[in-house]
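One structure below.
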Amino acid sequence: MAVSATAHRDHVIDAAAALDRTVALFQADLFPGADAATIVRALTSTRVTVTADTASLGSPTGRAALVGTVSTVARLGAAVSIVLPVTVANDRIPPLIAARVTLKSALDELLNSLITPPSAGEADVVISLSVPVDEDTICIGGDGFTARLAIGESAGGWSGREPYGAGLAAAAAGAEVARHAMRHLASVVAIAPHYRDKLLPRPTVLSLPAFDTPSGGVDLGALDIVSAGAVTHAVLFTLMRVADLAAYIRVIDDDIGEIHHLNRYELLKVQGLDVPKTILLESFSTPQLHIRGIQTRFTDASDLRDSLAPRVLVGADNVQARQDAQSYAPGWLGVGATGHLEIAVSEHEPGGPCAACKHATAEHHRHQRFPTISFVSSLSGTLLAYLTVRDAVSPPTRREQISVLDALNLAGATLHIEPVQPNPLCPLRCIASARRLGAIAHHSA
């Protein structure tokens, strides 16, 4: 016997407004000739069932995969229903480490605040954390650092306690639901030539290098985050699921929650609209994970810039903000950057190639509405959280960047992990770039 999570709404969400930036991405990259109403209809008419069994939810990683997948898929505009075993749904299994609520009630609350309510009828897409329902079922499985996505066959189930493999799996599942909507659209609107051969489901394995988490937990100490946007939401969404993690986090931003943020902000619900983003994020504080909002723009906060924490994260979609944060960061800096369907996450330390080496020039946006989609932001935040915790417990010998060139086509060795390279044209003229420039000059002479 199973129990379904459903939504009982006391409000109506304007789907077109909530999906505005997703529509912008579809129009810019995928279907240049499609009108907004046709795209919204294709997304919101997609019915998805997410199902799991007791075994798949027996590990914290499996539970994180369930919550992350539901959030990522529902923020695409799909109508999501959830089917869980009664014993699991009614257990007090926390989807957040410190939350003492049933898994079902947490999922009900999530669906109640998202774009399209569940609808009756047969699902167009079934996502299973366990065994396939039919030959078209999208199955996801993995462990703390790995995600597997299979079509019509088991993905191996879930094990582990870390949340990073869960975030990878949620992004991969979200990409497949978007691909389903694309197939529907392609029957009525011309698709961009680059994507004509990319409409079929794409099984994949995504993996990050594993590290050992101390048995006593992880203490990040003081951590400053510049921007309270989509990447930061995904970072916090992931950190909340790291067992026994402690941190004192300041989030610096002066913006408020708007309806078009619903398509990708993983911690945003309807109640957070028209509320300062920093106040919303403060509400997720726990005794171990303390979040304090600083309601100001980073570039205007001279007192904060001169007293940043030993670790700083930047989730801003603004190159100047990344460079400014690098100028003042006293220690380790992590950057989560997205653009359309691309992701670039990197880490930097004093003396090494800096964030301005990676982000030397400002993007030239052809659109007033920045094109974005849920699984791009969630994947970027997952990767940035991974780098942050890894640095705290097992610093690598080299600082790395993780790039994804096309988050819609996650297949094979898609996560490009490589050292950050010094840029001789670095606008901050960091030590590493100066050395690189000197080496070039010496070689030329």
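Miscellaneous remarks
- Only listed residue being part of a strand (DSSP E or B), among the hydrophobic types (A, V, I, L, M, F, W, C) and on the phi < 0 side of the Ramachandran plot, chosen from A222, A178: A222
- The residue of the stretch 118-138 that is farthest from the chain's Cα centre (by Cα), among those that are of a type in the set (A, V, I, L, M, F, W, C) and surrounded by 13 or more Cβ atoms within 10 Å (Cβ to Cβ), is V133.
- The stretch 302-359, subset hydroxyl-bearing (S, T, Y) and free of Cβ contacts under 8 Å to residues at least 24 places away in the same chain, residue farthest from T397 (Cα to Cα): S302
- In the stretch 211-262, the qualifying residues are those that are surrounded by fewer than 19 Cβ atoms within 10 Å (Cβ to Cβ) and among the hydroxyl-bearing types (S, T, Y), and the one that is nearest to T278 (Cα to Cα) is Y248.
- Enumeration of residues in the stretch 225-255 that are among the polar types (S, T, N, Q) and either more than 14 Å from Y265 (Cβ to Cβ) or not in a loop (DSSP other than H, G, I, E, B) (or both): T232, T238
- For the stretch 379-398, the set of residues classified as hydroxyl-bearing (S, T, Y) and crowded, with 22+ Cβ neighbours inside 10 Å consists of S380, T382, Y386, T388, listed by residue number.
- In the set (1) out of contact with any Ser or Thr (no Cβ under 7 Å at 6 or more places or on another chain); (2) aliphatic (A, V, I, L, M); (3) within 30 Å of P32 (Cα to Cα); (4) modelled with pLDDT under 90, L379 fails one condition alone, (4).
- The stretch 412-430, residues that are closer than 25 Å to S374 by Cβ and buried (at least 16 other Cβ atoms within 10 Å of the Cβ): T414, L415
- Helices (runs of 4 or more DSSP H) completely within the stretch 266-366 that count 1 or more residues being in the same structural domain as G381 (by TED's automatic domain parsing) and closer than 25 Å to V376 by Cβ: 277-282, 319-328, 355-358
- Whichever residue in the stretch 91-125 is within 19 Å of V48 (Cα to Cα) and among the β-branched types (V, I, T) and, among such residues, is modelled with the highest pLDDT: V125
- Residue-level check: of (1) farther than 26 Å from R41 by Cα; (2) basic (K, R); (3) in a loop (DSSP other than H, G, I, E, B), R148 misses just (3).
The values are calculated or read from the model by the stated rules, or taken from the named source; none is laboratory data. Because the structure is a prediction, the values reported are computed rather than measured. Positions of Cβ are generated from backbone atoms using ideal geometry, with glycine treated the same way; all protein chains shown enter the neighbour counts.
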